[in-house]
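Reviewing the structure listed below.
The values are calculated or read from the model by the stated rules, or taken from the named source; none is laboratory data. The model shown is predicted, which means the values in this text are computed figures rather than measured ones. Note: ideal-geometry Cβ built from the backbone for every residue, glycine included; neighbour counts use all protein chains shown.
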Amino acid sequence: MELYILLIFMIVAAVAAIEVKDLLSSVIAVGAVGFALCLAFLILKAPDLAITQLVVEILCLIILIRATIKRDLPLAIEGRWVFNTISTLVFMAVFLLFAYFTLKELPPFGEPIMAVVKKYLAEGVARTGAVNIVTAVILDFRAYDTLGEATILFTSVIGIMAVLRRPGRKQIK
Amino acid sequence: MIKDPRTGMTLIVKTITRLTVGLILLFGIYIILHGHISPGGGFAGGVIVALSFVHMMLAFGKDIAASKISTNLASNLESIGALMFLAVALLGFLGGTFFLNVLAKGTPFTLFSSGTIIFSNISIGIKVGVGLFAIFLALVILEKSKQEDNS
């Protein structure tokens, strides 16, 4: 029940983030979505994800506010409203169609497929020594995925440093 | 330099920051080191470490935070974290395969209990912490150099 209240709140806040005119209010609405997601993770009994979501959301909010509060980006929604509306409706129809076919194949909510997980839960502590089974999975059984994730972060930091580096050195005359 | 009222926020914020920033850093290190016992881990703890530096920068201004850890040091530390994680991965070849947990497992529920997992957590924590702080530092420095160009 609490989960559905949170989900409805997240949808409302996400729509508000798109529709509101002020940029700072929009950023705060995005933050509301993130913190509601953190609470949803707590209700679904995933404290690891909740902690990560909370701290990442705080950092994202600080960066977004620090980066956007001084810019007043003009909002260009005039003109071409017929095309915009039609394309939005077509995209929503396609999305809902494929979401219907996809979600029909998923196992019901709260009853995951336990084919691989059973082995991890049974042998996790004995084979890795880590009591936190999430850490045991992401850093031992599935550590190769974590290496790829670390590479993604490394690449993104390199990309940001390359884009945001100081403007080029002054030319020697 | 810290008590200079021209940089950073007001005296109240600076005083509170001086009291809390060490605790936040310590909590981040605790989350990293206890990643295999309690919820958390390298990523969350690294973000908390980065947040402590961001906290200091927001309160005291750019120069104080940049004097603690510069952009070059942050980049180097991030590379060191990535290479350390790769080294932990290659350590598995001692036992035969990539990412094999070759070290002694120890008794569960103690700090040194999970072989290579704690080293993976530390390397990911270093990498994420200084990487995210480097991003924030780059954004702030860019903002400042742009304003200097405009004026």
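Just one residue in the set A:I58, A:I63 is at pLDDT 90 or above and within 14 Å of chain B (Cβ to nearest Cβ); that residue is A:I58.
Filtering B:I117, B:I69 for residues that are out of contact with any Ser or Thr (no Cβ under 9 Å at 6 or more places or on another chain) and not polar (S, T, N, Q) leaves a single hit, B:I69. Against the conditions (1) within 12 Å of another protein chain (Cβ to nearest Cβ); (2) under 14 Å from the mean Cα position of the chain (by Cα); (3) surrounded by 17 or more Cβ atoms within 10 Å (Cβ to Cβ), A:D48 satisfies every one except (2). Mind listing just one residue for me: the one in the range A:125-173 that is of a type in the set (S, T, N, Q), crowded, with 17+ Cβ neighbours inside 10 Å and under 20 Å from B:L86 (Cβ atoms) and, of those, modelled with the lowest pLDDT? Within the range A:125-173, the match that is modelled with the lowest pLDDT is A:T128.
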